[in-house]
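The values are calculated or read from the model by the stated rules, or taken from the named source; none is laboratory data. Here the structure is a predicted model, which is why all the values come from computation and not from measurement. Every residue, glycine among them, receives a Cβ derived from its backbone with ideal geometry; neighbour counts consider all protein chains shown.
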Amino acid sequence: MLKIRLFCAAGMSTSVLVNKMKKAAEARSMEVDIDAFSENSMQKNIEGVDVVLLGPQIGYALPKAKKLCGEKGIPVDMIPMIDYGMMNGEKVLDLAIKLAKK
């Protein structure tokens, strides 16, 4: 099972993206554990996670996220603005899978 955490400013709009990613995973018969949280709760929500993705609105937090996640060997990246804006669950799931394989 792939455990993915998304972080954004408040965790609200990203929850819509989480649902779309879950539907995309279900269509592929993939087992996933995907959830969204606010950026300020990152430290307590990355234990045992395979991939961390940040919403484009918190791009300023990428260095902090890389430090936190790097210490635990968790790949982290920004969700491309176009995929976030379009709530493209397929593409964001593909990004998470690609990062997990590195």
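Okay, here's what the table says:
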item	result
Search result, residues across region 33-56 that are more than 13 Å from K3 (Cβ to Cβ), among the polar types (S, T, N, Q) and either touching a strand residue (DSSP E or B) at 6+ places or on another chain (Cβ under 6 Å) or not in a helix (DSSP H, G or I) (or both)	S38
Within region 39-67, considering residues that are small (G, A, S) and farther than 23 Å from K91 by Cβ, the one surrounded by the fewest Cβ atoms within 10 Å (Cβ to Cβ)	G48
Residue under evaluation M87, criteria (1) part of a loop (DSSP other than H, G, I, E, B); (2) surrounded by 18 or more Cβ atoms within 10 Å (Cβ to Cβ), criterion not met	(2)
In region 4-32, residue surrounded by the most Cβ atoms within 10 Å (Cβ to Cβ) [restricted to those that are assigned to a helix (DSSP H, G or I) and modelled with pLDDT under 95]	T14
Any hit, region 35-47, residues being at positive phi and out of contact with any Cys (no Cβ under 7 Å at 6 or more places or on another chain)	no
Scan of region 1-38 for residues that are charged (D, E, K, R) and over 11 Å from the mean Cα position of the chain (by Cα), ordered by number	K20, K22, K23, E26, R28, E31
Region 57-84, subset in a helix (DSSP H, G or I) and within 21 Å of M1 (Cβ to Cβ), residue farthest from the chain's Cα centre (by Cα)	K72
